[in-house]
Amino acid sequence: MITDPITIRIGHGVELHHHQGQREAARDLFAQIWDDIGGERGDPLHICVLAHAMADVQDDVHQELMWDLRALAAADLLTDERVAQAGVTLPVAGLYPSLHLNLSECYRKLGDLESAREHLQRAQATIGALGDDGYAQLIKGGLERLTAQLAPPST
């Protein structure tokens, strides 16, 4: 169970967006949390989780990409100990499939298919870090959809 207060606040924003359809309210809450954690100077866990969520509420794909890259960079600074301390049940390795999936999707939207495929491969290479729960199924489904979208046209 998540015990970290900042991560819980971020979770409220995710609820606003995904379950209540209040994308702008979620973006506003995420912006406030970003200020509260000190932006780029914040705890890498908070930066990673917040940037990952903030990317999802962007209207511009370039902004979405910026937030997704920020989340990935912060994940690279995390330890399993820090993640567990916050009550997150996934190890750090379990964050990468979703982070790379989102980056792959951004690059696909931007028409950079080489980068999209590279991040898709990274997501696929790290999927083993996830179990077989609903979250893992969601990520695997996203990978399957993106794999089909990025497949070279048949000749």
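Summary table below
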{"item": "Accessible surface, the chain, averaged per residue in Å² (probe 1.4 Å)", "result": "53 Å²"}
{"item": "Farthest positive-ward along the chain dipole, Cα basis, beta-carbon charges - from Gln149, Ile2, Leu72", "result": "Gln149"}
{"item": "Cβ-based charge dipole, the chain, positive-most Cα from Ala93, Gln58, Trp34", "result": "Ala93"}
{"item": "Sequence-separation-based contact order of the chain, relative, with Cα cut under 8 Å and 6+ spacing, percent", "result": "18 percent"}
{"item": "Two-site FRET efficiency, Gln32 against Ile8, from Cβ-Cβ distance with R₀ of 22 Å, rounded to 0.05", "result": "0.95"}
{"item": "Span-rule helices in the chain, defined as complete DSSP H runs reaching 15 Å or more along the axis (Cα) with Kyte mean at least 1.0", "result": "44-55"}
{"item": "Cβ charges +1 (Lys, Arg) and -1 (Asp, Glu), total dipole of the chain, debye", "result": "300 debye"}
{"item": "Whole-percent carbon and sulfur share, accessible surface of the chain, 1.4 Å", "result": "53 percent"}
{"item": "Relative contact order %, the range 1-92, counting alpha carbon pairs below 8 Å whose residues are six or more apart", "result": "30 percent"}
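The values are calculated or read from the model by the stated rules, or taken from the named source; none is laboratory data. Nothing here was measured: the structure is a model prediction, and the numbers come from that model. Heads up, the Cβs are rebuilt from the backbone with ideal geometry, glycines too, and the neighbour counts pull from every protein chain shown. Ligands, DNA and RNA are excluded from the accessible area calculation, which covers all protein heavy atoms including side chains. Shrake-Rupley method; radii C 1.70, N 1.55, O 1.52, S 1.80 Å.
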